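Taking it in order: structure first as structure tokens, then the write-up.
Throughout, read-outs are computed from the coordinates displayed, never taken from laboratory work. It should be emphasised that the depicted structure is a prediction, and the values quoted were computed from it without experimental measurement. Quick reminder, even Gly has a Cβ in these numbers, built from the backbone with ideal geometry, and neighbours come from all protein chains shown.
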Amino acid sequence: MSCLPHLPDSGDNGRSASTSLPTAPLERLLAAVETELSDLGSALHRRDSCAIEEHAQALRVALEQAVDGFSRAARGSQGVPPALRNRLMNASGEVAAQRESLARATVALDHAMDVLMPAGAGGSSFYGPQGQRTRSLYPS
């Protein structure tokens, strides 16, 4: 099974540059982040590993572009409108919540693996010497 890369759409959503409001580029950047957050959440819910990988990468790209665009706008003469700033803060909170959720799931998986493959008594283990060294790099 192959996972095809997905990158955020960089189109203008049907708006031409001559009729766009000054905030339209920021709106597009933020909409891309929100879309990828939603798509990643759906992929996580479905437990679709290819889609998770695809949307996580696309979200990273969308976030990089949004941070760059919002930073430039903040330094500009008009700044960032409060409504867009609030939406960006909400998106940031969603990213943090998803990261925390994934961290908790990883810890739960690590504990389940420890139950299934515990270290033996007296120093013996299911792992060979190389596996023990590798596993020690990632304490649970």
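Restricting attention to region 65-88, the residues that are of a type outside the set (A, V, I, L, M) and without any contact (Cβ under 8 Å) to a residue 40 or more places away in the chain add up to 10. Among the candidates 91, 43, the residue that is touching a residue at least 60 places away in the same chain (Cβ under 8 Å) and either of a type in the set (Asp, Glu) or part of a helix (DSSP H, G or I) (or both) is uniquely 91.
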